[in-house]
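Below: one structure, written as structure tokens.
The values are calculated or read from the model by the stated rules, or taken from the named source; none is laboratory data. Just so it is clear, the model here is predicted, and its values are computed rather than measured. We place every Cβ from the backbone using ideal geometry, glycine too, and count neighbours over all the protein chains shown. These area figures cover heavy atoms from the full protein model, side chains too; ligands, DNA and RNA do not enter into them. Shrake-Rupley method; radii C 1.70, N 1.55, O 1.52, S 1.80 Å.
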Amino acid sequence: MDTKQVPESLQRIEVQIPDRPLWRIRAGLLWESFKSNWKLFKRNRVGLVGLVVIILFAILGLAQPILFATGVWDAKIYDVRTGNDTRVRIAEMTVVANVDEVIDPTSQIDRRRLIAEGENVQVGDVIQRELKHPWPPDRHHLLGTDPNGSDILSQLMYGARAAFGLGLLAAFVTVFIATTVGSVAAYFGGWVDSFFMRFADLLLMLPILAVLIVASSFGRFKLWHLAIFLGLLGGFGGTAIVLKSQALSVKVKPFIDAARVAGGNNWRIVTAHLIPNVMPLSFLYVMFSVTGAISSEAVLSFLGLLNIQMSWGLMINKTQSAGYLLNPATWWLIVPAGLAVTLLAGAFYLAGRGMDEIINPRLRNR
Amino acid sequence: MSGYHANAFTKGSPLGRYVIKRFVQMVVLFLVFFALSWIALQAIPGNSIEQQLRLNPNLPPEAITQALARRGLDKPPLEQFWLYTKAFFTGDLGVSWSRYPQPVSKLIAERLPRTVMLFSVALLFQYLIGFQAGKYLAWRRNKRGEIAITIAGVSLFTVFYPWFGLMMILLFAVKLGWVPTNGFIVEATWRGAPVSANHVMVIMFFSLLAVTAFIGLTSWASSRLDQPNRRRLVKIGAWVVGLGGFWLFWATNQYLVYAKDVAVHLVLPVSVLTMVGFAGVMLITRTSMLETMKEDFVTTARAKGLSEAMVRDRHAARTALLPVSTSLVLAVATVIDGGIITESIFGWPGMGQLLLASVVSEDIPVALAAFSFTGILALLGHFAADILYGVLDPRIRVTSQG
């Protein structure tokens with residue numbers, strides 16, 4: 001009977017308790033923060049350029065299996081390793097005196113070989129001949145073919161998938177380890193901290209390329225072996241140091257003390273309070289780690305140390321072993337692959353810088 | 001005097017204690033690194049030395065056993081490690097296996113000046129250009145050109161470096177023929193030369209160092225002068241005297257022909273290294289400048305009515321130099337590892353190529369020496385960077401907590 005005496009303001013508070021389940025409230029909050037962060041990210045056009053390039057490469061990588069499945073591309077012709085276009089392509093070729101004078105193999109042919117084949121030609125003659133691979137770009141092969149007759153565009157698309165797979169796996173291993181190690185080292189301090197930080201120093205001392213060469217000699221490296229290896233090196237190495245310093249600045253915040261006073265044990269404080277607040281920076285380092293992993297893979301497969309189907313570095317390696325490396329006339333063998341590594345690695349870096357401005361308010365515009 | 005020193009480095013200053021603690025950790029870390037390197041190199045499957053010897057049909061089995069015994073390979077691994085460690089720390093680096101019987105120390109003494117020459121010039125250009133570019137980039141925030149420069153810079157920073165080097169060789173050496181494609185000298189020029197290439201390089205290095213130091217120190221000293229006109233005069237004078245002295249020194253030098261040969265071979269690798277490396281410096285400087293520009297003392301400088309150029313160069317840029325100089329120290333520390341690709345592409349026979357060749361051919365004494373060398377450089381670099389941070393920025397206090 002007394003309810004009528006309760007002040008109006010108190011009644012209103014009771015009504016306001018939401019009836020939605022907790023996860024939906026959390027999802028809503030997440031969506032809100034995503035929207036505001038996206039607005040910040042969009043304002044920084046550098047990050048947006050990176051994101052667009054990443055999406056373009058993702059489409060390129062995903063398009064290849066679709067092209068095969070829908071029959072637009074025949075696997076016999078367009079497979080990255082075994083594909084070979086056996087059609088006969090006729091080209092006009094100028095006869096030059098000997099092999100050394102052949103600068104452009106797609107439009108010049110040496111006289112000695114023709115004479116050995118029983119044809120009587122003079123230097124300077126223009127003759128019709130079947131063109132051997134590598135073919136320059138045309139309607140069927142938008143980026144030409146390699147010396148074995150496989151399509152360059154198809155290899156490029158496969159390489160995009162390989163780069164995404166390797167880069168993201170390596171980056172997530174790196175950041176997972178680095179976040180855990182950094183938070184634990186920062187929270188517990190003392191000998192735990194010393195141990196992990198000196199271990200990080202040890203990894204930073206290593207001449208990375210030489211170590212990778214040593215590691216690859218233990219058996220031919222597969223792509224995911226390399227990804228895990230790079231992830232371990234980065235995760236216990238440089239990234240752990242950066243994330244530890246971030247965790248240190250979180251550790252001294254009052255809410256950590258509050259959690260301890262409230263009776264939270266170490267495990268709970270680290271997993272529920274420390275790590276979530278280191279996470280934004282971790283995401284940033286995912287981006288930078290992808291850049292590093294893609295570059296490392298390209299260098300290693302350029303040196304021919306990986307056991308993989310196809311990748312951008314391997315495309316250049318194969319060009320080198322076929323002897324077309326320093327020839328401007330066959331540019332399509334080396335330019336697209338090198339450009340792809342540069343663009344995708346750069347795009348992840350640019351996107352990372354865009355995210356940096358969200359996470360680090362001191363970089364934002366005045 | 002000695003009492004004063006002991007006091008300063010043990011009890012009194014936290015910096016002294018920190019230095020000692022770090023030094024002890026560094027020694028321990030190096031021992032671990034040394035042992036791990038040895039184990040990793042030993043564990044490479046297949047013993048290439050033994051295989052090479054066995055493939056030679058002219059060698060009787062006794063000769064093979066003898067050859068292995070000469071290299072100490074007949075002993076159990078632990079004893080090998082102990083013997084090697086003992087020799088290493090008494091200054092005996094052993095002999096190379098693939099270039100038997102050249103001593104490892106001689107190989108390193110031969111290769112090191114070349115790497116130092118190439119990378120000192122490249123780092124000089126990288127940091128000069130990168131710092132200036134970063135400064136302007138931060139100052140022109142959100143103005144026209146910032147995005148273009150940032151994207152160009154990042155593309156150069158993350159470029160697939162071996163490919164980029166090859167492209168530059170293709171363009172400037174093969175197509176245009178301005179510079180040699182690879183190598184570090186033309187042998188014909190040096191036939192009957194009265195001096196070794198390394199000797200000329202050492203002279204080149206020190207003359208360059210002297211000029212850079214002279215110009216740098218004079219410009220720095222000139223910024224203490226009050227009158228802008230006099231300051232400009234001293235700065236221009238420093239450049240004229242420095243470059244003039246450099247020209248005079250080489251014009252009258254009997255080794256000019258040889259120095260020219262080396263210099264011509266330096267042009268392409270140095271340009272490529274500068275193009276790839278300056279962007280990294282630029283981005284660090286930009287971030288550091290942006291953070292510095294939020295500081296109160298920059299606002300104060302503006303409020304005093306100083307010109308924008310003055311605020312930028314004398315207030316913001318100087319504080320922003322800190323992370324840049326740290327990154328320079330770290331860059332020096334990783335020169336050999338970073339040199340592997342550069343030296344392979346440009347055929348520059350330096351430490352990087354030595355490291356690569358020794359690892360590939362399982363020449364363990366050379367590989368271990370090169371590993372240790374990079375390890376020591378990296379340790380000293382990190383140590384120097386830490387100390388530098390503490391000395392240059394008084395706000396950062398070194399605590400004894402590791």
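Being modelled with pLDDT of 85 or more, in a helix (DSSP H, G or I), open to solvent by 100 Å² or more (accessible area, probe 1.4 Å) and of a type in the set (A, V, I, L, M, F, W, C) is the requirement here; does A:F34 meet it? First the steps, then the outcome.
Working: modelled with pLDDT of 85 or more: yes; in a helix (DSSP H, G or I): yes; open to solvent by 100 Å² or more (accessible area, probe 1.4 Å): yes; of a type in the set (A, V, I, L, M, F, W, C): yes.
Judged against the criteria, A:F34 is a match.
Pairs please, first residue from the range A:174-193 and within 18 Å of A:I256 (Cα to Cα) and not assigned by TED's automatic domain parsing to the domain that holds A:M279, second anywhere and open to solvent by 10 Å² or more (accessible area, probe 1.4 Å) and basic (K, R), Cβ atoms under 9 Å, 6+ apart in sequence or on different chains.
Once the first residue is within 18 Å of A:I256 (Cα to Cα) and not assigned by TED's automatic domain parsing to the domain that holds A:M279 and sits in the range A:174-193, no partner that is open to solvent by 10 Å² or more (accessible area, probe 1.4 Å) and basic (K, R) comes close enough.
Being closer than 16 Å to A:R353 by Cβ and of a type in the set (S, T, Y) is the filter here; which residues of the range A:283-295 pass it?
A:Y285, A:S289, A:T291
Exactly one condition in (1) in contact with a Phe, Trp or Tyr (Cβ under 8 Å, 6 or more places away or on another chain); (2) modelled with pLDDT of 90 or more is false for A:G47; which is it?
(2)
Go through the range B:105-146 residue by residue and tally those that are within 12 Å of chain A (Cβ to nearest Cβ) and either touching a Ser or Thr at 6+ places or on another chain (Cβ under 9 Å) or assigned to a helix (DSSP H, G or I) (or both).
Total satisfying the criteria: 3.
Given the conditions (1) touching a strand residue (DSSP E or B) at 6+ places or on another chain (Cβ under 7 Å); (2) assigned to a helix (DSSP H, G or I), and given that A:I66 satisfies all but one, which numbered condition is not satisfied?
Checking A:I66 against (1) touching a strand residue (DSSP E or B) at 6+ places or on another chain (Cβ under 7 Å); (2) assigned to a helix (DSSP H, G or I), the one that fails is (1).
Return yes or no: is B:G145 of a type in the set (G, A, S) and either in contact (Cβ under 8 Å) with a residue 24 or more places away in the chain or open to solvent by 40 Å² or more (accessible area, probe 1.4 Å) (or both)?
Details: of a type in the set (G, A, S): yes; either in contact (Cβ under 8 Å) with a residue 24 or more places away in the chain or open to solvent by 40 Å² or more (accessible area, probe 1.4 Å) (or both): no.
Answer is no for this residue.
State all residues of the range A:277-297 that are open to solvent by less than 60 Å² (accessible area, probe 1.4 Å) and free of Cβ contacts under 8 Å to residues at least 60 places away in the same chain; if no residue qualifies, say none. Write out each step before concluding.
Let us first name the residues in the range A:277-297 that are open to solvent by less than 60 Å² (accessible area, probe 1.4 Å), namely A:278, A:280-282, A:284-297.
Answer for the range A:277-297, where residues must be open to solvent by less than 60 Å² (accessible area, probe 1.4 Å) and free of Cβ contacts under 8 Å to residues at least 60 places away in the same chain: just A:S295.
Which residue out of B:L36, B:L55 is open to solvent by 60 Å² or more (accessible area, probe 1.4 Å), within 27 Å of the chain's Cα centre (by Cα) and not small (G, A, S)? Please lay out each step first, then the result.
Numbers: B:L55 fails: within 27 Å of the chain's Cα centre (by Cα).
Answer to the selection: B:L36.
Without any contact (Cβ under 8 Å) to a residue 12 or more places away in the chain and either open to solvent by 60 Å² or more (accessible area, probe 1.4 Å) or within 14 Å of chain B (Cβ to nearest Cβ) (or both): does that describe A:A262? Write out each step before concluding.
Details: without any contact (Cβ under 8 Å) to a residue 12 or more places away in the chain: yes; either open to solvent by 60 Å² or more (accessible area, probe 1.4 Å) or within 14 Å of chain B (Cβ to nearest Cβ) (or both): yes.
Spelling it out, A:A262 is indeed without any contact (Cβ under 8 Å) to a residue 12 or more places away in the chain and either open to solvent by 60 Å² or more (accessible area, probe 1.4 Å) or within 14 Å of chain B (Cβ to nearest Cβ) (or both).
Just checking, how many residues over the range A:187-237 are more than 9 Å from every other protein chain (Cβ to nearest Cβ), buried (at least 20 other Cβ atoms within 10 Å of the Cβ) and of a type in the set (G, A, S)?
6
Got a number for residues in the range A:43-98 being of a type outside the set (V, I, T), open to solvent by 40 Å² or more (accessible area, probe 1.4 Å) and within 14 Å of chain B (Cβ to nearest Cβ)?
4
Could we say that B:V359 is within 24 Å of B:N182 (Cα to Cα), open to solvent by 40 Å² or more (accessible area, probe 1.4 Å) and either in a helix (DSSP H, G or I) or within 11 Å of chain A (Cβ to nearest Cβ) (or both) here?
Details: within 24 Å of B:N182 (Cα to Cα): yes; open to solvent by 40 Å² or more (accessible area, probe 1.4 Å): no; either in a helix (DSSP H, G or I) or within 11 Å of chain A (Cβ to nearest Cβ) (or both): yes.
No; evaluated as a whole, the condition is false for this residue.
Pull out all pairs, ordered by first then second residue, where Cβ-Cβ is under 7 Å, the residues are six or more apart or on different chains, the first lies in the range B:322-347 and is closer than 12 Å to A:L209 by Cα and away from chain A (no Cβ under 13 Å), and the second is part of a helix (DSSP H, G or I) and open to solvent by less than 30 Å² (accessible area, probe 1.4 Å).
Matching pairs, first to second residue: none at all.
Give the range A:317-346 a look and list any residue that's in contact with a helix residue (DSSP H, G or I) (Cβ under 7 Å, 6 or more places away or on another chain), more than 11 Å from every other protein chain (Cβ to nearest Cβ) and open to solvent by 10 Å² or more (accessible area, probe 1.4 Å), or say none.
The initial filter retains those residues of the range A:317-346 that are in contact with a helix residue (DSSP H, G or I) (Cβ under 7 Å, 6 or more places away or on another chain), namely A:317, A:319, A:324-326, A:328, A:332-334, A:336-338, A:340-346.
Subsequent filtering for residues that are more than 11 Å from every other protein chain (Cβ to nearest Cβ) retains A:324, A:332-333.
Listed by number, the list holds a single entry, A:Y324.
Given A:L305, A:L300, which one is open to solvent by less than 10 Å² (accessible area, probe 1.4 Å), under 25 Å from A:A162 (Cα atoms), touching a strand residue (DSSP E or B) at 6+ places or on another chain (Cβ under 7 Å) and within 12 Å of chain B (Cβ to nearest Cβ)?
Working: A:L305 fails: open to solvent by less than 10 Å² (accessible area, probe 1.4 Å).
Testing whether each residue is open to solvent by less than 10 Å² (accessible area, probe 1.4 Å), under 25 Å from A:A162 (Cα atoms), touching a strand residue (DSSP E or B) at 6+ places or on another chain (Cβ under 7 Å) and within 12 Å of chain B (Cβ to nearest Cβ) leaves just A:L300.
Of these, B:L209, B:L233, which one is open to solvent by less than 90 Å² (accessible area, probe 1.4 Å) and on the phi < 0 side of the Ramachandran plot? Break it down into steps so the answer makes sense when it comes.
Values: B:L233 fails: open to solvent by less than 90 Å² (accessible area, probe 1.4 Å).
Answer to the check: B:L209.
Could you check the range B:212-249 and list, in sequence order, the residues that are more than 26 Å from the chain's Cα centre (by Cα) and of a type in the set (V, I, T)?
B:V234, B:I236, B:V240, B:V241
From B:I149, B:I169, which residue is in a helix (DSSP H, G or I) and at the interface with another protein chain (Cβ under 10 Å from one of its Cβ atoms)? Lay out the reasoning, then the answer.
Details: B:I149 fails: at the interface with another protein chain (Cβ under 10 Å from one of its Cβ atoms).
The match here is B:I169.
Test B:I203 against the stated conditions and say whether it is β-branched (V, I, T), at pLDDT below 85, surrounded by fewer than 19 Cβ atoms within 10 Å (Cβ to Cβ) and assigned to a helix (DSSP H, G or I).
Against the criterion (β-branched (V, I, T), at pLDDT below 85, surrounded by fewer than 19 Cβ atoms within 10 Å (Cβ to Cβ) and assigned to a helix (DSSP H, G or I)), B:I203 does not qualify.
Name the single residue that is farthest from the other protein chains (Cβ to nearest Cβ) among those in the range B:14-64 being of a type in the set (S, T, N, Q) and farther than 20 Å from B:S361 by Cα. Break it down stepwise before answering.
In the first step, residues of the range B:14-64 are kept if they are of a type in the set (S, T, N, Q); the result is B:25, B:37, B:42, B:47-48, B:51-52, B:56, B:58.
From what's left, farther than 20 Å from B:S361 by Cα: B:25, B:58.
Working: B:Q25: 6, B:N58: 28 Å.
So the residue we want is B:N58.
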